[in-house]
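This report refers to the structure that appears directly beneath it.
The values are calculated or read from the model by the stated rules, or taken from the named source; none is laboratory data. Source: prediction; values computed, not measured. So basically every Cβ, Gly included, is an ideal-geometry build from the backbone, and we count neighbours across all protein chains shown. Note: areas computed on protein heavy atoms with side chains; ligands, DNA, RNA excluded. Shrake-Rupley method; radii C 1.70, N 1.55, O 1.52, S 1.80 Å.
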Amino acid sequence: MFGSICGSSLLLLLLVTSFRRRRLHSGSNILVMHLMLLDLIICGITYPLSITITYRGMRGTQVDINCHAFLYFHMSVIFTENWANLVLAINRLFAIALPFLYKKITTIPGLIFMIVLPWVMGLGVTLPVYFGIGGALIQTIFPLRACTPAPRPDGYGIAWITLGAYVPLASIGLTYLSLCGRWIIKKVQKRQISPMQNEQAERQTAAVKARQIRLAKMLIASYLWHCMCFLSPPILLPSFPWLLRRYPMLIQLWLLKTAPMWGYVASPFIFLALSSDYQTGVRDLLNSLRGRRRQMDTSNRRSQAFVTSTVGSGQHGKGTST
């Protein structure tokens, strides 16, 4: 819950900063704001609710909630976030590798499509499971009371997890690998260009390229952290199935609940650490809030001083007249 509160607070701060700064209203930053909103829903609503259900169940108190509907929304938002990350990765690929096509995909219809598509995928791939095809969305009793998705190990159960998680995560990795390969090739080519030509080319595109690369680095760092938190259960448990039987509470609470939640909690900290635009925006926002607080304190002191002087002068007048 502490991690959820910290992550949600910083996400709200970054979202307010994004709305305040016009510099962050470009096409790619709108997609980043959409991704932050999804992370906020997961960090601030669905995961805290899931944690509360688990905690109350461990205390022997059942929470009256429709696990079927809750899990449909929870899993859909998680898969939507995966596809939103993929859309951002493709956006970065166009911005850096195919800049002549980038403006065509960042028009208003293009941005609407890139925001709607992840929701269509997230809600769509989970819809069959909501109706019992390929798995179930249930409330478990053992080893702890919790709302838990239960995909079947065959048929659409495999396709559900593959389409919702593995396909977007693998595609993001391939996209960023291609970007890294392009950066390496570009650096090799720059060494073969004369210093005068290189300096002239850098003056023309330095600011735009630097901003694009900073955003790409931020997204790559967030992706690597996501993989570390999300892919450890599907990699570890099939290889060592005895872990779940021997340590059911440990696996359920830490590997399947806490680790994925921290994948979302850490994202805003990565955004803030690697983006100078967000650092400047947050600093300006905090300074403006401090300035308003000082103005309110100053006006309150002036009002208090005015009231005190008025009351004092009134009492002094009464004493003189007496």
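Here are some notes:
- If you go through region 232-275 and keep only what is among the hydroxyl-bearing types (Ser, Thr, Tyr) and within 19 Å of the chain's Cα centre (by Cα), you end up with Thr258, Tyr264, Ser267, Ser275.
- Residue within region 100-108 that is open to solvent by 60 Å² or more (accessible area, probe 1.4 Å) and aliphatic (A, V, I, L, M) present: yes
- Close contacts from region 28-52, counting a first residue that is polar (S, T, N, Q) and a second that is surrounded by fewer than 23 Cβ atoms within 10 Å (Cβ to Cβ) and part of a helix (DSSP H, G or I), with Cβ to Cβ under 6 Å and a gap of 6+ residues or different chains, come to Thr46/His74.
- Filter result for the condition that a residue is at pLDDT 90 or above, under 14 Å from Met261 (Cα atoms) and open to solvent by 20 Å² or more (accessible area, probe 1.4 Å), over Leu12, Leu40: Leu40
- Thr52 being open to solvent by 50 Å² or more (accessible area, probe 1.4 Å), assigned to a helix (DSSP H, G or I) and either modelled with pLDDT of 85 or more or among the aromatic types (Phe, Trp, Tyr) (or both): yes
- Within region 157-199, if we keep just the residues that are open to solvent by 60 Å² or more (accessible area, probe 1.4 Å) and in contact with a helix residue (DSSP H, G or I) (Cβ under 6 Å, 6 or more places away or on another chain), the residue that is modelled with the lowest pLDDT turns out to be Lys190.
- When each of Ile78, Ile133, Ile90, Ile65 is tested for being in contact with a Cys (Cβ under 8 Å, 6 or more places away or on another chain) and either in a helix (DSSP H, G or I) or more than 30 Å from Lys209 (Cα to Cα) (or both), the lone residue that passes is Ile65.
- Within region 53-89, tally of residues that are more than 17 Å from the chain's Cα centre (by Cα) and of a type in the set (A, V, I, L, M, F, W, C): 8
Yes or no, residue by residue, for (1) in a helix (DSSP H, G or I); (2) out of contact with any helix residue (DSSP H, G or I) (no Cβ under 6 Å at 6 or more places or on another chain); (3) closer than 16 Å to Trp119 by Cβ; (4) of a type in the set (Ser, Thr, Tyr):
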| position | (1), (2), (3), (4) |
| --- | --- |
| Thr17 | yes, no, no, yes |
| Leu40 | yes, no, yes, no |
| Tyr72 | yes, no, yes, yes |
| Tyr102 | yes, no, no, yes |
